[in-house]
Structure formats: structure tokens, C-alpha cells
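Input: a single structure, listed below in C-alpha cells.
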Amino acid sequence: MAETQYMTINMGPQHPATHGVLRLLLELDGEIIVKAVPHMGYLHRGVEKLSETMTYNQALTLTDRLDYTNGLSNNLAYCLAVEKLLDIEIPKRAQYLRVMFAEFQRIAAHLLWIATHALDIGAMTVFFYAFRERETILGILELATGARLTPSFIRIGGLAKDIPDTFEEPAREFVADFPQRVDEYETLLTDNIIWKKRTRNVGALSREDAVNYGVTGPVLRASGVYYDVRKAYPYSSYDEFDFEIPLGENSDVYDRYLVRLREMRQSNRIIKQVLEKLPEGPVRAKALSVVAPDKEDVQSDIAALIRHFKIMAEGFKVPRGEVYASVESPKGELGFYVISDGTNKPFRMRIRPPSFINLGALPKIIEGQMIADAVAAIGSIDIVLGEIDR
Amino acid sequence: MSRADEVVNKLKENFHDGIIKVEEFRGEVSVTVDKNKIRDIMLFLRDTDKLLYDMLTDLCGVDYQCNAGDAARFEIVYLLRSSKFNDRLRIKARVREEEDCQLSTVSDIWRAADWLEREVYDMFGIKFNNHPDLRRILLVDEFVGHPLRKDFPTEGYDFAEPFSVQLEEELNG
């Protein structure tokens, strides 16, 4: 009788479909995956440890570099946690602008995802279309924040500064135009027979498993679970906007694609509402010991200059306590659990990385499937290694 | 009675001494429990009708080395969420360094704990008994020390010679 021998192959860490430096050890029976063991850590920078040596303002810059497709949402999650510790109220205008930035960033992140995911599966055209729009968004964000990838623009207590006058026009133009662009992606993929054959009934994750594995974000919603932090625990005035949470039914790669596409349309809707009802007013909280003064004041008022210097150099003391704050990042629930011991540096800053926890379900998803489907499954989870390895 | 009070009362009724401390800060409730009863308590929280904490949102470690006195050095923090009641609860278990830094795994209760416990093991050196695959997850297997411990220097022990990695063959002679 012939003996069955499994073959072990190494996928990654340098492999275009692993979206970074993820390494998978696959045990194969022919083309069927018997066992998959992910190895991570190639991008580990010790962000949680580093934050313990920095003041609260300095640690903000670390958050940009977690999920680097999504800097502004990361800033937001961190700021929400520290603001909760400080117990300060953020002005309405800043809250609305934060929502707008987060949604722009969500669209940009989803565009990057659809571009690379489709490229993995073999549809190259989508890549160019999606990157065209992503470029527009990055341009718009650059107008306000001055940076494309690592903005550090959402600060503790509000925003670094208000948006410039030149911001609104391109933003409105984009919002009016974007639904047609999503239609374009849909004509390329949604009814595409090859796309459907590669993605339907591939990489399914049942509702129960998804919850048990702690999966969040579009992957969870594609399994039909209604959980979105924006609706469940509204932050930054999300409850004042009208939007829907798209759900999937079959929990396969195709449904994850559909959920993300619909999410982009909803995000566009939210941005439109922000632009319509953006209130006037300050973009920084009135908390003199925490929020740095305006740049103009620093140059004309000695007291402001001293205050600026003190806040930037020494930081500010945060009341003893511990809080958890989370946002719905494009990947899922991004949470910060910050413990303060009453000094100017975080005693412990724990990041709940959505990609890390979603990736934990990958072996469950791909075991028993074909090796070619592993590529589709990894793409559909939408991981960013900067966040997984921290 | 708020939902949080209800949950805490239920826990106290069923576990008496197992509940060490209940704190509330900024509307978030943390319950410190006896680490020897962690599995019973977690199963109770997941399976009891009116609790149903079906999701483990996060699990992490904290090092309180600087704490004076005989307090336990480590704390394992579990953040639970109930999909049905849309409700969060934080459970903490204290782990003493003198008792070999170990406690029971919850990875069979929530599979999410599998990797999260590996990360705590990696970063703090706390062992989870009966974990199916307790290995380092982010750092290399040969790494010495546990970086998120407060006594681990931020720049590492190999700051002067960061690239002197020993190959497996050399290690095996």
C-alpha cells in the first residue's frame, strides 16, 4: 500500500500575496492544505515598549506606523483613549473633522485593499483604477495634514490645526464623483465570472467561528454578524450621521469583497454629511495644560510660548487610571488600553490590533482548501503587518 | 440597577471569595478575580443565560514590578464583550512571580486567546497551562528575556552588538 507523504512548503516572508512579511508554513497533501502555521514578527519594533519611554504627545507618532495605510484612524483611537483618561470634551467641529478624516482614510485603505487583492487573484486593471482614486484622497489629506502616510494630525485634545480654505473644493468634488468610480470597480469584478469562480465559496468562516476567534471588521460582518464599533459604541459623534452597516451572508471571500465595496459607499455618504453640516468653531479643546496653543499665539504672546514649550518638552500629567477606547478601523476594532500611573508617560499602552486577531483565524479558514485559494483568503482578511507585529 | 452591577452581583453570588476587587473608572468596570478560578469564572461568564460574553476582545499582560509591598507582580487583563447585550467587561487575574508565573489557559473557551496568550508568554514570560501551542509569537525563538517586563531595558541587552545572531547549526555544535 502506498504511504501518504505530506509536503511542507514555505510561503513568504517575501511573497507578493502575503502583503508584507508574513510567513506561512504549509503542509500539503497534493494541492490541499492540511496544516497552516503562520509566523510573524519580522516587522516587530516594540511599539508598546517604546511608548512607555515617551510622553503622551510623543507616543502619538508611533501609532501612525501601526497600520500604515490608516494613519489617521490610528491617531484617533489613541487620542480617544488618552482623552478619556484626561476626561476632556472635544469641540464639535473637531469631532466632525475627525470623522471625515477617518472615513477618507477608510476609503483609501479599502482602495489599497481592493487593488492588491484583485492583483493577487489576477485582475490587474482594478489596481490602476483604485490607485487613481487613492491618489486623489491622499492628495486631499495632504492638503490638510501635510503628510500622505504618517500624518499625526489628530492630536490629544483635537486636531493639529483647522483645515485650509482650499480643502473643501477638492473634497466635495471627490465625494460627488466617487460613487461612479465604485460602479466602475463593480463592472470589472462583481459579475466577472473569473472573479466569482476564484472567490465564491472560498475561505468561508462560519458565524460562530468568527465570534469565537474574536474576528472583527469586514471579515466578521461578511459572516453576517452585526458589529461595528461606530454603531455599537459611537465615538466622535458618529451617532449624528446616517449610514448603514453592510452585512454578508455566505462569509466567503466574495462576500468580504462586497461588504468592503458597500462600506466605501457608506463612508462616502458620511463624508458628504460632514461637509454639509460642518459646524464652525475651534478645533481644539479648552484644556490649557494639555493642548498646545495656536502657532500665531506662540509667536506673539510670551505666556503662550512658555506653555507651548512646557507641553512639548515635558508633556502633561495624566490622572491615574486605566481606560479602553476603540474605533472601527478599516481592518476591524482597533483598541487602545492605556494605563496611567499619574506621570507624563503611559505606564502601559496595549494596542488591540485587529489584523493580528483576524489573522488568527487564517489557519481555520484555509485548512482543507486548495493552495491557490490561500492567496485569495489571505487577501480577503486584509492584513497589514505593521499592525500585526507592532 | 445597571447592567454592570447585575453582572458583578451574579459573579459575587456564584464565586464569593473568587472575586477580589471591583473597580469602576470612567464608566468601565474591572473585576479582579482569583487566578485559580479563572476558567470557572470565564466559562460562567460565557455560558450563563443573562451574561453571554461570547467574544474575547483582548487579552494582555501588565507588569506592576514597581508596586511596593507584597502585591502580585503581573496582571492578566481580559476584555470581554457580549454580542447580545452589547456590553463590555474587564476581568483581571493577578499572577505572582514567586509562583512560577503561570495560570490556566482560556484558549479553549475563546479561540481568540490562542495567539493572545502566546503574545503574553512572549512579552512577559507568563506560562498558560494546557495551552495547545505555547511558543513565542513575535520574537525569535532564541530571544533572551521578555521585553515588556519593566526590568527589560528598552534598547535591549544586545544594543552594542545587535547583529550577532547565532545560527542553529552553531548552537547544536
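Test residue A:102 against the criterion of being under 15 Å from residue A:329 (Cβ atoms) and within 14 Å of chain B (Cβ to nearest Cβ), and give yes or no. Taking the combined requirement at face value, the residue does not satisfy it.
Of all residues in the range A:9-27, those that are on the phi < 0 side of the Ramachandran plot have Cβ atoms under 6 Å from Cβ atoms of residues that are open to solvent by 10 Å² or more (accessible area, probe 1.4 Å) and among the β-branched types (Val, Ile, Thr), 6 or more apart or on another chain, in A:13/A:21; A:17/A:375; A:25/A:37; A:26/A:9; A:27/A:8; A:27/A:34. Selection of the range A:204-214 for residues being in contact with a Gly (Cβ under 8 Å, 6 or more places away or on another chain) and either facing chain B (nearest Cβ under 8 Å) or within 14 Å of residue A:377 (Cα to Cα) (or both) yields A:213, A:214. The residue of the range A:369-383 that is nearest to the other protein chains (Cβ to nearest Cβ), among those that are closer than 20 Å to residue A:31 by Cα and not small (Gly, Ala, Ser), is A:378.
Is it the case that the range A:172-189 has a residue that's within 30 Å of residue A:56 (Cα to Cα), charged (D, E, K, R), touching a residue at least 60 places away in the same chain (Cβ under 8 Å) and not in a loop (DSSP other than H, G, I, E, B)? If you could, list the steps in order and put the result at the bottom.
Step one: of the range A:172-189, the residues within 30 Å of residue A:56 (Cα to Cα) are none.
Scanning the range A:172-189, I find no residue that is within 30 Å of residue A:56 (Cα to Cα), charged (D, E, K, R), touching a residue at least 60 places away in the same chain (Cβ under 8 Å) and not in a loop (DSSP other than H, G, I, E, B), so the answer is no.
Looking across the range A:36-68, just one residue is more than 14 Å from chain B (Cβ to nearest Cβ), open to solvent by less than 10 Å² (accessible area, probe 1.4 Å) and over 26 Å from residue A:287 (Cα atoms), and that is A:67.
Filtering the range A:216-232 down to residues that are assigned to a loop (DSSP other than H, G, I, E, B) and touching a strand residue (DSSP E or B) at 6+ places or on another chain (Cβ under 7 Å), which residue is nearest to the other protein chains (Cβ to nearest Cβ)?
Residue satisfying both the conditions and the ranking: A:216.
Exactly one residue among A:386, A:360, A:332 is within 14 Å of chain B (Cβ to nearest Cβ), within 30 Å of residue A:252 (Cβ to Cβ) and open to solvent by 10 Å² or more (accessible area, probe 1.4 Å), and that residue is A:360. Counting the residues of the range A:312-329 that are within 9 Å of chain B (Cβ to nearest Cβ) and hydrophobic (A, V, I, L, M, F, W, C) gives 1.
Residue pairs whose Cβ atoms lie under 7 Å apart, separated by 6 or more positions or on different chains, with the first residue in the range B:15-34 and under 19 Å from residue A:339 (Cα atoms) and the second of a type in the set (Ser, Thr, Tyr), are B:21/B:32; B:23/B:30; B:28/A:324.
Counting only residues that are more than 10 Å from chain A (Cβ to nearest Cβ) and surrounded by 15 or more Cβ atoms within 10 Å (Cβ to Cβ), the range B:109-142 holds 10 of them. Note on the range A:191-215: residues that are assigned to a helix (DSSP H, G or I) and free of Cβ contacts under 8 Å to residues at least 12 places away in the same chain amount to 4. Restricted to the range B:1-92, the set of strands (runs of 3 or more DSSP E) holding at least 3 residues that are open to solvent by 30 Å² or more (accessible area, probe 1.4 Å) and farther than 20 Å from residue B:116 by Cβ comprises B:19-25.
The values are calculated or read from the model by the stated rules, or taken from the named source; none is laboratory data. Everything numeric here is computed off the predicted structure, so don't read it as measured data. All Cβ positions, even for glycine, are placed from backbone atoms using ideal geometry, and neighbour counts span all protein chains on display. Areas reflect the complete protein model, heavy atoms only, side chains present, ligands, DNA and RNA absent. Shrake-Rupley method; radii C 1.70, N 1.55, O 1.52, S 1.80 Å.
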